[in-house]
Amino acid sequence: MRIIVDSNLEGSFHGFDGGRVFKFTTGQIWEQAEYKYHYHYAYRPAAQIIEDQGSFYLQVSGMNDRVKVKKVR
């Protein structure tokens, strides 16, 4: 397991829902790659992209859950 991105998400974050797109302040864009619903509101939360066994996951500060993602840009 290793951290690929350690930054903040841009704007308002409303949790996980199928197909959501997450923009980091670094300019990277990641899309949710699995269906998972978990509502959590935060403004510009700290977040990480973690690589674990060949898959990438988004972990957002303040949430106990993570979601599988794929890189868009």
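The values are calculated or read from the model by the stated rules, or taken from the named source; none is laboratory data. These figures come from a predicted structure and were not determined experimentally. Please note: Cβ atoms are built from the backbone with ideal geometry, for glycine as well, and neighbour counts cover all protein chains shown.
In this structure, is Arg73 modelled with pLDDT of 95 or more and touching a strand residue (DSSP E or B) at 6+ places or on another chain (Cβ under 8 Å)? Write out each step before concluding.
Working: modelled with pLDDT of 95 or more: no; touching a strand residue (DSSP E or B) at 6+ places or on another chain (Cβ under 8 Å): yes.
No: the conditions fail for Arg73.
For the range 39-71, which positions are over 18 Å from Gly11 (Cα atoms) and of a type in the set (Val, Ile, Thr)?
Taking the range 39-71 first, the residues over 18 Å from Gly11 (Cα atoms) are 50-57, 64-71.
Selection gives Ile50, Val67, Val69.
Please state which one of Val72, Val60 is surrounded by 17 or more Cβ atoms within 10 Å (Cβ to Cβ), at negative phi and free of Cβ contacts under 8 Å to residues at least 60 places away in the same chain. Explain how you work it out, then say what you get.
Details: Val72 fails: surrounded by 17 or more Cβ atoms within 10 Å (Cβ to Cβ).
It is Val60.
Any residue in the range 1-23 that's over 12 Å from Val69 (Cβ atoms) and assigned to a loop (DSSP other than H, G, I, E, B): show its pairings with residues that are at pLDDT 95 or above and of a type in the set (Val, Ile, Thr) at Cβ separation under 8 Å, as long as the two are six or more apart or on different chains.
Listed by first residue and then by second, the contacts come to Met1/Ile50; Glu10/Thr25.
Which residue is surrounded by the most Cβ atoms within 10 Å (Cβ to Cβ), if the candidates are limited to the range 16-49 and must be touching a Leu at 6+ places or on another chain (Cβ under 8 Å) and of a type in the set (Val, Ile, Thr)?
So, considering only residues that are touching a Leu at 6+ places or on another chain (Cβ under 8 Å) and of a type in the set (Val, Ile, Thr), the one surrounded by the most Cβ atoms within 10 Å (Cβ to Cβ) is Ile49.
Filtering the range 1-15 down to residues that are modelled with pLDDT of 95 or more and aliphatic (A, V, I, L, M), which residue is surrounded by the fewest Cβ atoms within 10 Å (Cβ to Cβ)?
In the first step, residues of the range 1-15 are kept if they are modelled with pLDDT of 95 or more; the result is 2-15.
From what's left, aliphatic (A, V, I, L, M): 3-5, 9.
Details: Ile3: 10, Ile4: 13, Val5: 17, Leu9: 20.
Ranking the qualifying residues of the range 1-15, first place goes to Ile3.
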